[in-house]
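The values are calculated or read from the model by the stated rules, or taken from the named source; none is laboratory data. Because the structure is predicted, anything quoted here is derived from the model rather than measured. Glycine also receives a Cβ, built like all others from the backbone with ideal geometry; neighbour counts cover every protein chain displayed.
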Amino acid sequence: MQNRYNGLINIYKEQGFTSNDVVAKLRGILKQKKIGHTGTLDPDAVGVLVVCLGTGTKLVEMLTDHDKEYIAVCRLGVTTDTQDMSGQILETNEVNVTREELHEAVRAFVGDYDQIPPMFSAIKQNGKKLYELAREGIEVERKARKIHIDAITILDDSLLASDHIFTMEIKCSKGTYIRTLCHDIGQRLGCGAAMQHLTRTRVGAFSLDNAVTLSQVEQLRDAGTLDDIIESPEYIFRDLDKIHVKDTARKLLENGNSFRKDNVLNEDPTGVNDTEYEKEMFKDGNSFRVYSEDDTFFGIYTYNERTRLFNVDKFFYEA
């Protein structure tokens with residue numbers, strides 16, 4: 001079956017769906033199989049889930065690596081087996097935490113942080129997912145993984161004294177478990193904590209502002225305007241320089257072959273200093289968005305100074 005849609009779509013994952021549920025539903029809505037998501041969100045969590053369609057699936061791994069932003073509601077004084085409030089309560093404690101102590105504890109996690117993944121996670125150990133072991137009542141030792149927290153901002157601590165709840169915004173690297181962060185903050189404060197609610201607000205360039213629900217996708221499909229919200233694969237490479245290849249070398253492009261520097265159209269904006277322009281543009285290891293003369297996007301190529309060839313990294317063209 002030929003894919004009808006190619007690119008990236010910013011889905012608002014609603015509560016109760018797994019990330020794989022979203023993919024399965026989109027396969028039915030769009031009548032195409034080649035669809036993948038770029039980073040699991042727990043069923044209870046909501047927010048940005050970037051989904052790749054058709055040729056866009058080549059970007060799944062790359063998008064998974066992007067930094068992410070979240071808003072988390074955390075409850076102090078309780079510890080659960082899942083590290084969020086959907087799990088079984090293991091322990092409850094009194095909470096005698098001041099705002100100053102809370103802010104100080106949170107600040108301690110900014111920067112590099114060795115985080116032990118939770119048992120209720122999809123990480124595999126000896127060929128079995130941890131959550132499968134957890135459901136069997138088996139707990140195994142997990143290796144800490146180095147993650148990075150760029151920033152944590154406490155947005156609301158007004159209920160700290162009464163309901164022992166606070167809300168924080170987190171900007172972090174891939175692989176960060178926010179419920180584990182909540183748990184670890186509780187451990188540091190000595191009272192325990194569990195995540196009560198989670199919203200993912202950003203993945204790379206994709207934000208909550210323009211995320212669409214599955215029902216909106218159906219409406220747009222029926223209206224014939226779905227293409228309006230599908231970003232082409234080149235969208236995430238928009239910070240790379242753009243070059244056009246002469247029509248005489250188009251066959252090389254269509255076959256995913258390397259091409260020479262003299263196949264590139266001279267697009268020196270000044271038109272007077274070709275040598276300086278080339279020296280600045282075409283440095284060894286520089287990557288480019290590559291287009292044909294008619295502005296068809298072919299993919300991402302990297303320049304090799306020694307061979308003077310542009311070699312394909314990611315190829316997106318489909319005849």
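A few points about this structure:
- Breaking point among (1) surrounded by 18 or more Cβ atoms within 10 Å (Cβ to Cβ); (2) assigned to a helix (DSSP H, G or I); (3) charged (D, E, K, R), for ASP42: (2)
- If you go through the stretch 160-186 and pick out every residue that is among the aliphatic types (A, V, I, L, M) and more than 22 Å from ASP44 (Cα to Cα), you end up with 2.
To keep it simple, each residue is scored yes or no on (1) at pLDDT 95 or above; (2) among the small types (Gly, Ala, Ser); (3) at negative phi; (4) touching a helix residue (DSSP H, G or I) at 6+ places or on another chain (Cβ under 8 Å).
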residue	(1), (2), (3), (4)
LEU198	yes, no, yes, yes
THR213	yes, no, yes, no
GLU218	yes, no, yes, yes
TYR277	no, no, yes, no
GLU280	no, no, yes, no
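- Helices (runs of 4 or more DSSP H) completely within the stretch 79-189 that count 1 or more residues being surrounded by fewer than 12 Cβ atoms within 10 Å (Cβ to Cβ): 99-107, 130-135
- LEU159 satisfies every condition listed in (1) under 23 Å from HIS66 (Cα atoms); (2) of a type in the set (A, V, I, L, M); (3) modelled with pLDDT of 90 or more except (1).
- Per-region count, the stretch 235-255, residues closer than 20 Å to GLY285 by Cβ and not aliphatic (A, V, I, L, M): 5
- As a summary of the residue check, GLU293 satisfies the conditions (1) more than 21 Å from THR248 (Cα to Cα); (2) out of contact with any Gly (no Cβ under 9 Å at 6 or more places or on another chain) except for the one numbered (1).
- Taking the numbered list (1) surrounded by 20 or more Cβ atoms within 10 Å (Cβ to Cβ); (2) without any contact (Cβ under 8 Å) to a residue 40 or more places away in the chain; (3) of a type outside the set (A, V, I, L, M) in turn, GLN15 passes all entries but (1).
- Selection from the stretch 196-225 of residues that are in a strand (DSSP E or B) and within 22 Å of ILE178 (Cβ to Cβ): GLN196, HIS197, LEU198, THR199, ARG200, THR201, ARG202, VAL203, PHE206, SER207
- The conditions of being in contact with a helix residue (DSSP H, G or I) (Cβ under 7 Å, 6 or more places away or on another chain) and small (Gly, Ala, Ser) are met by ALA72.
- Restricting the stretch 280-319 to residues that are among the basic types (Lys, Arg) and surrounded by 15 or more Cβ atoms within 10 Å (Cβ to Cβ), the residue that is nearest to GLU61 (Cα to Cα): LYS314
- The residues in the stretch 226-246 that are small (Gly, Ala, Ser) and in a helix (DSSP H, G or I) can be counted, and the count is 0.
- Inter-residue pairs, beta-carbon under 6 Å, first farther than 19 Å from VAL203 by Cβ and in the stretch 23-48, second surrounded by fewer than 22 Cβ atoms within 10 Å (Cβ to Cβ) and among the hydroxyl-bearing types (Ser, Thr, Tyr), 6+ apart: LEU30/TYR5; LYS34/THR57
- Some residue of the stretch 21-30 being outside any loop (DSSP other than H, G, I, E, B), within 25 Å of ILE123 (Cβ to Cβ), outside the structural domain of THR176 (by TED's automatic domain parsing) and among the small types (Gly, Ala, Ser): yes
- Which numbered condition ASP112 misses (of (1) of a type in the set (D, E, K, R); (2) assigned by TED's automatic domain parsing to the domain that holds THR167; (3) in contact (Cβ under 8 Å) with a residue 60 or more places away in the chain): (3)
Residues checked against (1) charged (D, E, K, R); (2) over 20 Å from ARG188 (Cβ atoms); (3) modelled with pLDDT under 90:
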| position | (1), (2), (3) |
| --- | --- |
| SER86 | no, yes, no |
| SER121 | no, yes, yes |
| LYS124 | yes, yes, yes |
| ALA134 | no, yes, yes |
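- Residues in the stretch 240-256 that are exposed (fewer than 14 other Cβ atoms within 10 Å of the Cβ) and free of Cβ contacts under 8 Å to residues at least 12 places away in the same chain: 2 in all.
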